[in-house]
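Bear in mind that the values in this text are calculations on the coordinates, not laboratory data. Bear in mind the structure is a predicted one, so any value in this text is a computation, not a measurement. So basically every Cβ, Gly included, is an ideal-geometry build from the backbone, and we count neighbours across all protein chains shown.
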Amino acid sequence: MYESPESCAVPSYLLPEGASISSRGELLLHGVPVSQLAREYSTPLFVYDASHIRQRLRAAKGHFSGKVAYAAKAFFCKAMAEIVSEEDVYLDAASMGEIFVALAGGVTPEKIIFHGNNKSTEELRFALSHNVGLVVVDSFDEIERLEAIAEGTIRVGVRITPGIEAHTHEFIRTGQDDSKFGFNVQNGDAEMAIRHMSKSSVLDLVAVHAHIGSQIFSLDSFRQEVEVLSQLLADVDIAEVILGGGLGVPYVRGETAPSIDQWVATLDDYGFKTGLSKGRTLVVEPGRSIVATAGLTLYEIGTIKRIPGVRDYVSVDGGMSDNPRPVLYGSGYEAFMVQRMLDPHDAKYSIAGKHCESGDVIVRDAWLPSDIQGGELLATPVTGAYGFSMSSNYNKVPRPGVVFIDETGYRVVIRRETLQDLIRNDI
């Protein structure tokens, strides 16, 4: 098992559950050297501990009295859809494409919750034709679209913006008054939308949904959300309340976050104390906390550029095309040498990507061995959420492959793109 965090290149809580370190100091996942995966499938490479994902879903379900919904936007593919189906949880989809992949992976249509602030008529028709379980309405325009295309009763929810400034990055806050999402509580739009849909002859209003942002560490933000909803819905006959807002995860040494079981138990408690859950089913969306720590990205070191008195750069064979979060949000990450986990990581470097942007830096201040060389393998942990799902072909770099691993072995679930893939849509 692990050595103490002080003697390892990275704290154990930033690694997947199936991780261990060999006597030679090499990172293993379920007993398999990750360097073996890099040799077989090349780098960059996303590696996910599938057992870790299942454990997180089970923890949420096991400690919560209501329903659990996985957010496809964090990471999604057919193999992930299969896990969602097999673990019998619901799915938050935000596009026609996410619904399509969910159905291809065996997700039951009735367990799909369709979100989005600008669902097109085409997307709405697609969702209805495939019998998705719930359409969460986001605007008065969307009410008109649904009523215009309805050929029967449509099960809908209404998304409200509760006016809560969650303590997270401004780009991933969603519950404040100034938001592109949902109906505003403060100006009366939420109440007006609920009243309109309650009287509609084709819209069956069964749920209210609120979302306050992503990567939230403070349980108090969720308490405020529950309180706002309990007041808004005091006299509203509604079957389900969806408590959106993604539970945060640690990305770097020293960061802490509530566990999933603590979080869902707290929401249960808030719901009971405020009366929100009385006669209603609560639905939670654990967000990135299901998959973030389950994944890591493997890179090969290329150029090492030392600028005396300024900075030392280590360039890898990926970058902002497979992890845009540092560029978008200034997100922090750790880095470590996967075959030298017990070696002193005693020299500071900046881990740079290969793209034509000065800002293409994955880790601004990474501690690595002072004698690293080109050709060695480096990893960034906690890349399971919003890495592959936000990846691009910037500079015409093919997207990495994705490998799932568990106690039974490992397999490619998304193949690495080829050069031919880069022109397959060209005419």
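Some values worked out for this structure:
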read-out: Size of the stretch 50-290 as Cα extents on the principal axes (Å, biggest first); value: 52, 40, 34
read-out: For the stretch 213-356, share of DSSP beta bridges that run antiparallel, in % to the nearest 5; value: 40
read-out: Under Karplus coefficients 6.51, -1.76 and 1.60, residue-wise ³J(HN,Hα) of the stretch 80-93 in Hz, glycine/proline x; value: 5, 4, 5, 5, 4, 5, 5, 8, 6, 10, 7, 9, 8, 10
read-out: Under 5 Å, built H, 5+ apart or other chain: amide partners of residue 184; value: 161, 189, 190
read-out: Highest-MSF residue in the chain out of 383, 297, 108 [GNM, Cα springs under 10 Å]; value: 108
read-out: Taking the convex hull of Cα positions in the chain, its mean projected area over all directions (nm²); value: 21.7
read-out: Computed over the chain: relative contact order in percent, which uses C-alpha pairs under 8 Å that are six or more apart; value: 20
read-out: Residue 218-residue 24 pseudo-label distance in nm [points 7 Å out on the Cα-to-Cβ vector]; value: 4.9
read-out: In nm, spacing of pseudo-spin labels at residue 40 and residue 371 (7 Å Cα→C-beta vector); value: 3.1
read-out: Derived scalar couplings ³J(HN,Hα) [the stretch 16-27; Karplus, 6.51 cos²θ - 1.76 cosθ + 1.60; whole Hz; x for Gly, Pro]; value: x, 4, x, 7, 8, 10, 6, 4, 8, x, 9, 6
read-out: Euclidean distance between Cα centres, the stretch 317-381 to the stretch 188-226, Å; value: 40
read-out: Total charge dipole magnitude, the stretch 241-377, about the Cα centre, Cβ charges on Lys, Arg, Asp, Glu only, Debye to nearest 20; value: 400
read-out: Spin-label model distance (nm) - residue 204 vs residue 131, 7 Å beyond Cα toward Cβ; value: 1.3
read-out: Lysine pairs within the chain, Cα separation less than 14 Å, 8 or more sequence positions apart or different chains; value: 5
read-out: Dipole moment magnitude, nearest 20 debye, the stretch 340-427 about Cα centre, only Lys, Arg, Asp, Glu C-beta charged; value: 300
read-out: Built amide H within the under 5 Å cut-off of residue 363, gap 5+; value: 351
read-out: Cβ-based exposure ranking for 391, 350, in which fewest neighbours within 10 Å come first; value: 350, 391
read-out: Spin-label zone in the stretch 209-247 - amide nitrogen under 18 Å from a point set 7 Å from the Cα of residue 262 along the C-beta vector; value: 215-224, 246-247
read-out: Net charge dipole size for the chain [Lys, Arg +1 and Asp, Glu -1 on Cβ; Debye, nearest 20]; value: 540
read-out: Neighbour-count ranking [beta-carbon atoms within 10 angstrom, fewest first] of 61, 73, 305, 278; value: 278, 305, 61, 73
read-out: Angle between the chain longest axis and helix 260-274 axis [Cα atoms, degrees, rounded to 10]; value: 20
read-out: 3J(HN,Hα) from dihedral phi, the stretch 110-126, Karplus parametrisation 6.51/-1.76/1.60, rounded to Hz, x for glycine, proline; value: 5, 9, 9, 10, 9, 9, x, 8, 9, 5, 6, 4, 4, 5, 5, 4, 4
read-out: Under 5 Å, built H, 5+ apart or other chain: amide partners of residue 45; value: 298
read-out: DSSP bridge orientation in the chain - percent antiparallel, rounded to nearest 5; value: 45
